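What follows is one structure encoded as structure tokens, with my remarks underneath.
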Ligand code: PRX
């Protein structure tokens, strides 16, 4: 179909964008990938450094445990750092960082490599070896990046826990990963206040018994408890002669684990998504280069937190693999005024800006004048991620932030996919609210319950039919759950958990989650996370949590609670429960609304029917309720 026949509202790339973007013609790649899918991926892999070339690009002999670049040997940290040191990038800025209070720090590739080696030597001196898990719990400071790269350098598996999570979330993640080492900051700055990370970690360590050593990075300088023999200051350790700037890099097999990252699923405890050195490296390298169009002279700012997959892939690994200059900001978006972000875009001349719809909607409500006072002409590419972007927010982003000259790259992907899966290339026509088509060669479809494609514009289950290099390999220590969760509904198809429709032009429109995952401000939470935090409060007998549409956050949490006898419902208990959930899971999990009820709708086998609760809350028809208990 010729492009000028595209249906609906379409925005075409400007001449300048067409000239500048690295991929001029998507069709060429679609054809190439269709003819030789593995050769297509192999070409990206060849742009990176391998100590030994792979024997096979894809090994699919044991589906769904796909393997990529088998026989190949590499190290992602080497590719992010060492590979650049013999080129002019040695002196190029790898990182520009601004603290919430406005202090700026910069690091060249040369220095980032040194700092990473020093951190790696500190970890080694704690006895960390290849395959060991290291939990990292910090704010957005340069050390979170060096800690991640240091783990990768020595073959340890990092498990970063978002600094906005709290005691129980951290406990579960330490315990499940069996980490012996925790890297934590004394605290983190947020809106001028201090989040007491070390104090939260101390409470978690009382519950989780695996950690032997805690490396504490000084950020705030507040007094913190240091347990003798267990806790050590990073700045002291790094001053010992053993923590010098040379650290032997561990050669890794392509399929050796790089990191685990916990994410919420349908039921039960969070799942540890496992990614590997080889495939993840190739996927994040290619998508940063062509979807975000990162080029040599660019400065890229992804506003996510390194504690989520977006930060892993597009603050740390993807941009550094490309030798890009990363900008990272420590603090809160509107602090101290709603122009904080725009001020930094102007000050640092950011070219690629990647954020979430919830932030865009948040800024919209302050009006355009906060933006108009800044010169944002350095911007070239705007990205969006985390939840569907409503066309109104898309247009505001395009018109007001991008001044009608920057394509909005709406990227659909997941912790599990490691890299962008659906997005437009900058040179493609855009439809506000749709991410466009899958990455070349990757086949995706929308299926009905029985596995048949639903047809144009019909809603159904979004699936991925082709394996891709940065796909989740398994759930750490839980192959069974991995197969059940993603690969059992349809044969040889990866189930995304999202519903979507595909229009006549092949553009995919994401509708939302079809499971019990709740996307609050782009953050992924599970009903189960909130419910188990609720019932750990002494007053609560049973609880159910659902997501309901919210103008700013996309979704907000509503909880239904059955109290134990002897407890009285009321505002005081609502406040107490919200505080309790904030303490256990993290502030993002606090329900917007808590309702006390006598009964919860359940199936005859005792499962809570959240769908019925949701229909009730929204005042709509609950659909088929034949399995309802009574
Ligand atoms: O529902 C989709 C939504 O976020 C989910 C994945 O969440 P997480 O693993 O935390 O990763 C978020 C960042 C990649 C998806 O199943 N989602 C993500 N990006 C988009 C999106 N929904 C619509 N449009 C997007 N661009």
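A short reminder: the numbers here are calculations on the coordinates, not readings from a lab. No experiment lies behind these values; they were computed from the predicted model shown. Glycine gets a Cβ as well: all are built from the backbone with ideal geometry, and neighbour counts include every protein chain shown.
Descriptive notes on the structure:
- Convex hull projection area averaged over all views, the stretch 532-579, Cα basis, nm²: 3.7 nm²
- Semi-axes of the equivalent ellipsoid of the stretch 217-319 are 30, 21, 18 Å, computed as sqrt(5λ) over the eigenvalues of the C-alpha gyration tensor in descending order.
- Per the Kirkwood formula applied to alpha carbons, the stretch 429-519 shows a radius of gyration over Rh ratio, Rg over Rh, of 0.97.
- Taking the stretch 30-125 and dividing mean pair separation by its residue count, relative contact order in percent (alpha carbons under 8 Å, at least six apart): 17 percent
- Taking the alpha carbon gyration tensor of the stretch 561-612, multiplying each eigenvalue by 5 and rooting it gives semi-axes of 22, 16, 9 Å, largest first.
- Solvent-free Debye calculation, one equal scatterer per alpha-carbon of the stretch 480-599: log10 I(q)/I(0) at 0.12, 0.16 Å⁻¹ equals -0.54, -0.82.
- By DSSP, the beta bridges lying fully in the chain are antiparallel in about 60 percent of cases.
- The stretch 100-137 residues near the modelled residue 47 label - backbone nitrogen below 18 Å, point 7 Å along Cα→Cβ: none
- Computed lengthening from residue 487 to residue 194, 0.36 nm per intervening residue step minus Cα-Cα distance: 101.2 nm
- Cα principal axis extents for the stretch 359-515, largest first, Å: 55, 38, 28
- For the stretch 155-203, the alpha carbon convex hull comes to 80 Å³ per residue, rounded to a whole number.
- For q = 0.06, 0.11 Å⁻¹, Debye-computed log10 I/I(0) when each Cα of the chain counts as one equal scatterer: -0.31, -1.13
- Relative packing of peptides 299-309, 559-569, 214-224 - highest average C-beta neighbours within 10 Å first: 299-309, 214-224, 559-569
- Here the stretch 365-458 is treated as a Stokes sphere of Kirkwood radius computed over C-alpha pairs; at 20 °C and 1.002 mPa s its diffusion coefficient rounds to 142 µm²/s.
- Residues in the stretch 203-229 reached by a label modelled at residue 240 [backbone nitrogen below 14 Å; 7 Å Cα→Cβ]: 213-216, 229
- Dividing the alpha-carbon radius of gyration of the stretch 152-257 by the rule-of-thumb value 2.2 N^0.38 Å gives 1.16.
- Considering only Cα atoms, the convex hull volume of the stretch 474-535 works out to 132 Å³ per residue.
- Whole-Å semi-axes of the ellipsoid equivalent to the stretch 289-439 (Cα gyration tensor, √5λ, descending): 21, 18, 15
- Alpha-carbon Debye profile of the stretch 270-340, log10 I(q)/I(0) at 0.24, 0.27 Å⁻¹: -1.05, -1.20
- Separation of alpha-carbon centers, the stretch 408-482 and the stretch 287-327, rounded to whole Å: 20 Å
- Convex hull volume per residue, computed on the Cα atoms of the stretch 1-105, equals 261 Å³.
- With each label modelled as a point 7 angstrom along the Cα→C-beta vector, the residue 592-residue 25 pair spans 4.8 nm.
- Note on the chain: helix-only mean residue ellipticity at 222 nm, from DSSP H runs of 4+ residues weighted -39500 (n - 2.57) and normalised by residue number, equals -8000 deg cm²/dmol.
- Span from the the stretch 59-94 Cα centroid across to the the stretch 521-596 one, whole angstrom: 42 Å
- When peptides 591-597, 254-260 are sorted by average Cβ neighbour count within 10 Å, with the highest value leading, the order is 254-260, 591-597.
- With the simple spin-label model, which puts each label point 7 Å out from Cα in the Cβ direction, the residue 129 to residue 16 separation comes to 5.7 nm.
- Peptide ranges 315-328, 172-185 listed from the most packed, as the mean C-beta count within 10 angstrom indicates: 315-328, 172-185
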